[in-house]
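Student: This structure is in structure tokens; I'll ask about it shortly.
Values in this text are rule-based calculations from the coordinates and carry no lab data. Here the structure is a predicted model, which means the values were calculated and not measured. Here the Cβ is made from the backbone with ideal geometry for all residues, glycine too, and neighbour counts use every protein chain on show.
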Amino acid sequence: EAQVTQNPRYLITVTGKKLTVTCSQNMNHEYMSWYRQDPGLGLRQIYYSMNVEVTDKGDVPEGYKVSRKEKRNFPLILESPSPNQTSLYFCASSLSMGARSTEAFFGQGTRLTVV
Amino acid sequence: DAKTTQPTSMDCAEGRAANLPCNHSTISGNEYVYWYRQIHSQGPQYIIHGLKNNETNEMASLIITEDRKSSTLILPHATLRDTAVYYCIVRVGGNAGNNRKLIWGLGTSLAVNP
């Protein structure tokens with residue numbers, strides 16, 4: 001089954017404790033991205049990756065890092081989490097070109113709370 | 001990317017058609033209209049997209065006005081499982097730069113009632 005898998009689904013952590021949210025897709029998609037969703041603000045893009053070893057900032061990258069060493073994985077790293085990073089996070093992937101390139105597939109989300 | 005305007009909320013009776021409007025009066029000639037939905041904080045789900053012609057798939061129909069300044073997503077026979085937030089997004093097609101990025105508004109919260 002084609003899917004984007006995020007882990008963990010729920011996480012409560014303390015300020016300053018480094019964490020990684022994993023994202024994996026099994027569709028051989030080139031493009032992957034991370035979004036955060038906050039009440040009243042909608043989904044905002046954090047980082048994106050056009051392909052392996054190619055990453056770039058989205059609209060709200062501060063406080064986050066990403067890496068793309070393999071095509072299927074795109075982890076989101078919070079080196080020193082702060083309470084303002086409490087949010088619902090989504091990973092997404094899509095083909096970069098071709099008939100299905102318009103369709104983005106999303107993971108089920110990671111609800112992060114930083115206390 | 002052009003901005004979209006959608007009603008905050010709508011109601012629909014189960015079994016009836018749900019017609020969700022979207023205004024995108026500043027849309028450019030190369031921008032597509034996309035619809036996604038999000039069921040109760042799950043990951044958004046792609047529904048349909050179009051450029052200028054009307055489109056239909058197994059989930060919904062998309063009607064785009066001739067001047068492309070507005071569109072309507074139609075769920076022909078709404079069920080309780082269609083209760084969700086529906087997002088209308090416009091985006092440039094193609095592969096250059098970050099054209100895969102989706103700019104999200106707050107969408108329309110559709111409640112399908114028994």
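Student: Over all residues in B:101-107, what is the mean tally of Cβ atoms on other chains that come within 10 Å of each residue's Cβ?
Tutor: Per-residue shielding by partner chains comes out at 5.
Student: Same structure again: Using R₀ = 35 Å, calculate the FRET efficiency as 1/(1 + (r/R₀)^6) where r is the Cβ-Cβ separation of B:Met59 and A:Thr15; round to 0.05.
Tutor: The computed FRET efficiency comes out at 0.25.
Student: Give me the number: length gained by fully extending A:Glu103 to A:Arg44, i.e. 0.36 nm times residue separation minus the C-alpha to C-alpha distance, one decimal in nm.
Tutor: Residue separation times 0.36 nm, minus the Cα-Cα distance, leaves 19.5 nm.
Student: Sticking with this one: Which net charge results for the neighbourhood of A:Lys57, defined as the other residues with beta-carbon distances under 13 angstrom from its beta-carbon, given Lys and Arg at +1 and Asp and Glu at -1?
Tutor: That sum, taken over residues with Cβ under 13 Å, equals 0.
Student: Modelling each spin label as a point 7 Å along the Cα-to-Cβ direction, I'd like the A:Val52/B:Thr79 distance in nm, to one decimal.
Tutor: About 4.1 nm, to one decimal.
Student: Now for a separate question. Using only alpha carbon pairs under 8 Å that are at least six residues apart, calculate the relative contact order of chain B and give it in whole percent.
Tutor: Computed value for chain B: 36 percent relative contact order.
Student: Same structure again: Starting from the exponent 0.38 and prefactor 2.2 Å, build the expected Rg for the stretch A:1-63 from its residue count and divide its actual Cα Rg by it.
Tutor: That works out to 1.25 for the stretch A:1-63.
Student: Apply the Kirkwood formula to the protein assembly as shown: the hydrodynamic radius equals the inverse of the mean of 1/r over all pairs of different alpha-carbon atoms; give it in Å with one decimal.
Tutor: 18.2 Å
Student: Is there a simple number for the mean count of other chain Cβ atoms within 10 Å of the Cβ of residues in B:43-53, and what is it?
Tutor: Rounded to a whole number, the mean comes out at 4.
Student: Partner chain Cβ atoms within 10 Å, averaged over the residues of A:80-91 - can you pull that number for me?
Tutor: Per residue, the number of nearby Cβ atoms from other chains is 1 on average.
Student: If you don't mind, another one. Using 7 Å Cα-to-Cβ label points, what is the A:Ser67/A:Asn28 separation (nm, one decimal)?
Tutor: 2.6 nm
Student: Further question on the same structure: Calculate the translational D of chain A in whole µm² s⁻¹ from Stokes-Einstein, where the hydrodynamic radius comes from the Kirkwood formula applied to all Cα pairs, the temperature is 25 °C and the viscosity 0.890 mPa s.
Tutor: It comes out at roughly 174 µm²/s.
Student: Taking θ as phi - 60°, what are the ³J(HN,Hα) couplings along the stretch A:35-43 by the Karplus curve (6.51, -1.76, 1.60), each to the nearest whole Hz, with x for Gly and Pro?
Tutor: Karplus-based 3J(HN,Hα) across the stretch A:35-43 equals 10, 10, 10, 10, x, x, 10, x, 8 Hz.
Student: For chain B, can you list the cysteines whose C-beta has no other cysteine C-beta under 4.7 Å from it?
Tutor: Taking the Cβ cut-off of 4.7 Å, the unpaired cysteines of chain B are B:Cys12.
Student: Excluding B:Ile48 itself, calculate the net charge of residues whose Cβ lies under 12 Å from the Cβ of B:Ile48, where each Lys or Arg counts +1 and each Asp or Glu counts -1.
Tutor: Value of the local net charge: -2.
Student: What ranking do A:His29, B:His77, B:His49, B:His40 get, fewest neighbouring Cβ atoms within 10 angstrom at the top?
Tutor: B:His40, B:His77, B:His49, A:His29
Student: In percent, what relative contact order does chain A have, based on Cα pairs under 8 Å that are 6 or more apart in sequence?
Tutor: Normalised by residue count, the contact order of chain A is 35 percent.
Student: Is any residue of the stretch A:28-48 close enough, with backbone N under 19 Å, to a label point placed 7 angstrom from the Cα of A:Ile77 along the Cα-Cβ axis, and if so, which?
Tutor: Flagged as within label range: A:32-35, A:46-48.
Student: Give the span of chain B's Cα atoms along each principal axis, as three whole-Å numbers ordered largest to smallest.
Tutor: 44, 30, 25
Student: Here's something else I'd like to know. Enumerate the amide H contacts of A:Asn51 below 5 Å, restricted to partners 5 or more residues apart or on another chain; note that Pro and chain-start residues carry no placed amide H.
Tutor: Those qualifying (amide H under 5 Å, at least 5 residues apart or on another chain) number zero.
Student: Another question, if that's okay. Return the long-range amide H neighbours of B:Ile47 (sequence gap of 5 or more, or a different chain), with a cut-off of under 5 Å between placed amide H atoms.
Tutor: Counting only residues 5 or more places away or on other chains, the set is B:Trp35, B:Tyr36, B:Arg37.
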